[in-house]
Amino acid sequence: MSSVILYPLMPVAIHYIFLSSFYATYSGETTVSGIRSYTFETPYEVFDATLDENRGFRYENAERVNYFKEWDPCPNKTTFHNCSLLPFVDCSKRRNFCSECCDGNYVDGTYLLPPGMFPLKCYPGNSVFATVEV
C-alpha cells in the first residue's frame with residue numbers, strides 16, 4: 001500500500017478538488033499532532049496505468065520515446081512475423097502485451113510507461129469541486 005491520506009475526526013469542512021479517479025481504502029485511526037484522524041491507503045495497482053481499468057491514465061507519449069528501456073513486460077517473448085493471418089489482437093490490453101503479434105510496451109506507434117509511472121494532470125471529465133462536512 002502507498003499514499004497514506006489522513007482526515008481529522010473532529011467536525012471540520014474539508015474542501016476537495018477532484019482531478020483524478022484514484023481511490024483509497026480505510027486502514028484505521030491514528031493521531032497526528034494531537035488530532036485524531038482516519039487513515040486511508042491507496043493500493044499500488046491504482047497507480048498502474050498498464051492495467052486495462054487504468055488505461056485512461058496512460059501517458060500519450062506523443063514524442064514516441066522509450067523512456068524506460070530496461071522495462072520489458074515480456075522478456076522471453078517469441079514473435080510471429082505473419083500476424084495478418086491471425087484474428088485481430090488488441091495490443092493495448094495488458095493481457096495481450098506478450099502476444100506473438102504484439103511488441104510488449106510498444107503499442108500503437110509509441111511506448112507505454114511501466115507500472116507506477118503516469119502523467120500528473122487534470123483528466124477530462126473528472127474536475128469536480130465539493131465541500132464535505134466531517
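Every read-out reported here was derived from the displayed coordinates using simple, explicitly stated rules and does not represent laboratory data. These numbers come from a predicted model, not from an experiment. Don't worry about glycine lacking a Cβ; one is built from the backbone with ideal geometry, like all the others, and counts go over all protein chains shown.
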**Complete:** Ordered by fewest other Cβ atoms within 10 Å, a rough proxy for footprinting exposure, Cys102, Cys74 read Cys74, Cys102
**Asked** Going by the alpha-carbon gyration tensor, a ≥ b ≥ c the square roots of its eigenvalues, is the stretch 16-107 rounded (a/c under 1.5) or, if a/c is not under 1.5, prolate (a/b greater than b/c) versus oblate?
**Response** prolate
**Asked** Counting other Cβ atoms within 10 Å of each Cβ, which trypsin sites (Lys or Arg not before Pro) in the stretch 44-77 have at most 15 and sit in a DSSP loop?
**Response** Arg64, Lys69, Lys77
